[in-house]
């Protein structure tokens with residue numbers, strides 16, 4: 001085969017392969033959906049995070065506003081320290097309330113942010129003071145059992 | 001005496017196997033040493049890229065499309081039981097990008113391009129073309145083996161990526177166009193679940209490893225084949241069998257390293 005036709009075919013092959021990779025990265029993967037550069041980080045203490053994992057989504061009014069970047073145990077307080085990176089476009093008041101919620105009955109856990117009424121906004125490195133822990137099924141059941149046992153018998 | 005003979009036979013086999021592995025390792029080392037020359041004469045690699053990569057395109061695309069369509073059908077049937085049809089995109093994409101793309105593309109590559117490489121080099125040896133090259137002071141490893149090796153290593157990840165992309169399109173055709181899964185949740189759940197570094201790059205690394213191993217086995221079997229018609233045919237068979245087994249076993253090892261605890 002002629003050298004130029006050969007080069008043309010191989011060039012087309014390589015371009016198609018690279019295009020498939022780019023398409024996988026952008027359309028199938030998450031490279032096209034979030035930008036790491038324009039975020040700010042806040043952290044919050046939870047007494048129990050349940051099944052929350054790094055990269056879990058952070059939503060406010062159902063809209064994705066950020067991701068959980070780091071989870072560690074603070075040994076001074078014995079509470080979970082959750083670092084969240086939020087999109088710069090979305091600013092939240094200082095007295096925002098962070099909840100660990102579950103999507104659906106058995107779905108993934110995520111953090112829901114409920115904005116308060118403060119005029120000052122959260123900045124990079126701030127702490128979200130008001131938090132509510134994840135609901136753990138065993139705790140719920142034991143609470144229910146105790147309250148049943150405490151009821152006077154009829 | 002029969003016991004001693006059996007033990008001797010076992011020992012003979014083990015020594016032979018170890019000896020062959022040693023020769024293959026030396027062959028790999030020599031290929032890497034002489035690759036510099038083949039990069040300077042890049043048109044040799046381009047020629048091999050045509051016969052290994054471009055000629056494998058059709059089988060990769062057709063196979064990828066059908067594998068994706070089957071995944072879409074089977075995945076839908078299973079997910080429907082739990083009422084989570086919207087996760088079909090996640091299932092198809094993760095299955096293809098992590099496992100099926102690299103593994104199936106490598107298996108097809110081994111049987112289409114690998115067997116051709118072995119037969120070609122084996123026949124070159126049988127017709128004494130390789131000895132003729134050595135006579136002319138042309139190093140056969142630099143002239144024949146290295147360009148084929150690099151062509152295989154370059155084309156394998158590209159073929160695997162195309163396999164995955166076409167397969168996801170096939171899953172989309174069956175799931176969204178044919179069955180009627182919601183298009184938005186198909187793509188958005190897929191994007192939320194597939195991580196670029198964790199899933200896509202690990203798939204690319206897998207296919208690079210498979211490409212190296214398959215091409216190396218094919219070239220070594222060809223170079224090592226007895227210079228007879230029978231020898232070449234046996235070497236071609238061994239290429240397909242050995243490289244398929246190597247792909248599947250390596251896939252398990254790589255998956256265990258990459259995705260455990262993720």
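Are there any pairs with C-beta distances below 7 angstrom linking a residue in the stretch B:130-157 that is within 14 Å of another protein chain (Cβ to nearest Cβ) to a residue that is outside any helix (DSSP H, G or I), with the two at least 6 apart or on different chains, and if so which?
From the stretch B:130-157, the pairs are B:151/B:53; B:155/B:53.
Out of all the residues in the stretch A:16-53, which are modelled with pLDDT under 85, assigned to a loop (DSSP other than H, G, I, E, B) and away from chain B (no Cβ under 11 Å)?
Those that are modelled with pLDDT under 85, assigned to a loop (DSSP other than H, G, I, E, B) and away from chain B (no Cβ under 11 Å): A:35, A:36, A:37, A:38, A:50, A:51, A:52.
Taking residue B:238, is it within 12 Å of chain A (Cβ to nearest Cβ) and either more than 16 Å from the chain's Cα centre (by Cα) or more than 24 Å from residue A:21 (Cβ to Cβ) (or both)?
When the stated conditions are applied, residue B:238 does not pass them.
What's the number of the only condition in (1) surrounded by fewer than 21 Cβ atoms within 10 Å (Cβ to Cβ); (2) over 24 Å from residue B:37 (Cβ atoms); (3) within 14 Å of chain A (Cβ to nearest Cβ) that residue B:173 fails to meet?
With respect to (1) surrounded by fewer than 21 Cβ atoms within 10 Å (Cβ to Cβ); (2) over 24 Å from residue B:37 (Cβ atoms); (3) within 14 Å of chain A (Cβ to nearest Cβ), residue B:173 is out only on (3).
Look at the stretch B:176-194 and say how many of its residues are more than 10 Å from chain A (Cβ to nearest Cβ) and surrounded by fewer than 20 Cβ atoms within 10 Å (Cβ to Cβ).
Matching residues across the stretch B:176-194 total 10.
Hey, which of the helices (runs of 4 or more DSSP H) in the stretch B:169-262, taking only ones fully inside, have at least 2 residues that are free of Cβ contacts under 8 Å to residues at least 40 places away in the same chain?
Of the helices (runs of 4 or more DSSP H) lying wholly inside the stretch B:169-262, those with at least 2 residues that are free of Cβ contacts under 8 Å to residues at least 40 places away in the same chain span B:183-193, B:229-259.
Taking helices (runs of 4 or more DSSP H) that do not extend beyond the stretch B:73-153, which have at least 3 residues that are touching a helix residue (DSSP H, G or I) at 6+ places or on another chain (Cβ under 9 Å) and over 30 Å from residue B:184 (Cβ atoms)? Write out each step before concluding.
Numbers: elements: B:88-94, B:101-109, B:115-126, B:129-135.
The qualifying helices (runs of 4 or more DSSP H) are B:101-109, B:115-126, B:129-135.
Taking into account only those residues within the stretch B:47-81 that are without any contact (Cβ under 8 Å) to a residue 60 or more places away in the chain and within 13 Å of chain A (Cβ to nearest Cβ), which is surrounded by the most Cβ atoms within 10 Å (Cβ to Cβ)?
Only one residue tops the list, namely B:50.
Mind listing whichever residues of the stretch A:52-91 are in contact (Cβ under 8 Å) with a residue 40 or more places away in the chain, surrounded by 17 or more Cβ atoms within 10 Å (Cβ to Cβ) and over 18 Å from residue A:133 (Cα atoms)?
Within the stretch A:52-91, A:65, A:85, A:86, A:87 meet the criteria.
Can you work out which of the residues in the stretch B:83-111 that are more than 17 Å from residue B:248 (Cα to Cα) and more than 13 Å from chain A (Cβ to nearest Cβ) is modelled with the lowest pLDDT?
Taking the candidates together, the pick is B:85.
The values are calculated or read from the model by the stated rules, or taken from the named source; none is laboratory data. Keep in mind that what you see is a predicted model, and the values were worked out from it rather than measured. Every residue, glycine among them, receives a Cβ derived from its backbone with ideal geometry; neighbour counts consider all protein chains shown.
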